[in-house]
Amino acid sequence: MNAGPPAVETSIVEREIMDRITAAKIRLRFDKSVVRLINSLKVALAEVVPEGQAVIFTVTAPIKRRAKTAAALEILVRSGLPSGEVRNTIQDNHIRVRRVTNVAAHMPKVVGLVHNQESDSDLILTLAESQLLG
């Protein structure tokens, strides 16, 4: 029986990012499918992201076809993100992936956030990026 990816601990920095987003009145999602998606991508991409960089991704909920969405996001990041940001639709979910440079070594390399469609993904990415660069 496959229990899914190993549990990945949420860092203090990630909790601070989530707190800032919550303070901005944006509701993030943390259901089982969301946690599995984020954990699998953290594990898969941690070694791919170069030192001094981070990747922040947002996905709209509800997540449809979690495994296929994760695989497509992984391929997107592994194939090399351009400077800046990518917007796409994967399995009917709107995704945004932002590469951040000049990130301190103690910061997480992969940050994933899942939100409702009506939430402002630009603000989510901006708040997360400012915390990573802070």
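Read-outs throughout are calculated quantities, based only on the coordinates presented, and are distinct from any laboratory measurement. A quick note: this is a predicted structure, and the numbers were derived from the prediction, not measured. No Cβ is skipped: glycine too gets one built from the backbone with ideal geometry, and neighbour counts run over all protein chains shown.
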Query raised in the report: Candidates (1) 13.6, 42; (2) 41.6, 115; (3) 19.5, 57; which is the computed Rg and Dmax of the Cα atoms in Å?
Result: (1)
Query raised in the report: Taking 0.36 nm per intervening residue step and subtracting the Cα-Cα distance, what contour gain separates S79 from Q53 on full extension?
Result: 7.8 nm
**Report entry** Net charge over other residues, Cβ less than 13 angstrom from the Cβ of T101 (K, R count +1; D, E count -1)
**Finding:** 0
Query raised in the report: Tally Lys/Arg at +1 and Asp/Glu at -1 over every other residue whose Cβ is under 15 Å from the Cβ of I21; what's the total?
Result: 0
